[in-house]
1. Just the residues that are out of contact with any Pro (no Cβ under 8 Å at 6 or more places or on another chain), in a strand (DSSP E or B) and crowded, with 18+ Cβ neighbours inside 10 Å, please, taken from the range 9-52.
2. How many of the residues making up the range 53-65 are among the polar types (S, T, N, Q) and surrounded by fewer than 21 Cβ atoms within 10 Å (Cβ to Cβ)?
3. Starting from the range 60-81, take each residue that is under 17 Å from Ile7 (Cβ atoms) and list its partners that are polar (S, T, N, Q) and assigned to a loop (DSSP other than H, G, I, E, B), counting only C-beta distances under 7 angstrom and pairs at least six apart or across chains.
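Each reported figure results from applying straightforward, stated rules to the coordinates on display, with no laboratory input. All figures in this text were calculated on a predicted structure; none of them were measured in a lab. Methodologically, a virtual Cβ is constructed for each residue, glycine included, from the backbone with ideal geometry; neighbour enumeration extends over all protein chains shown.
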Amino acid sequence: MAINGEIEIKWGDGEHKFNIAKLKCILELEDKCDAGIAEILKRVNDGAWRFNDIRETLRLGLIGAGMTPDKALTLINRYCDDRPWVENVLPVQAILFAAMFGIPQDDPLTKKAETERAKEDPSMPTMEGLSVPSSTDSAPPSDLTRVN
């Protein structure tokens, strides 16, 4: 079973591959964000992220997965810079988790567990293609009740 940091996510205008697990990408991300990758993930998870934590993770993730820098920048301008920034928090969390913990490739146990999970709850994301709401999807209704 090979493990790498590549993940495919529904983002922007369709399915895109991201991989920030490559050393050059991580070093550039840490430089642009003035923080280590674990600190960047912590900031994103805590809701204390900076704009470059989001933007540069997406941009470098696209490049790390093989997209040209020019095309990656075009997508970032369109789906990050010109959109509400918080829309990109979930994809960034997935990209950083994939880089830090890896994505099992061709693991029969993982595939079996995902298949069974998908039968129980089709809305549940899988390792093969994490589904993140697109920027045009409406938010799901909240089950939370406000308590005063």
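1. His16
2. The qualifying residues number 0.
3. Filtered contacts from the range 60-81: Gly61/Asn19; Gly64/Asn19; Ala65/Asn19; Tyr79/Ser135.
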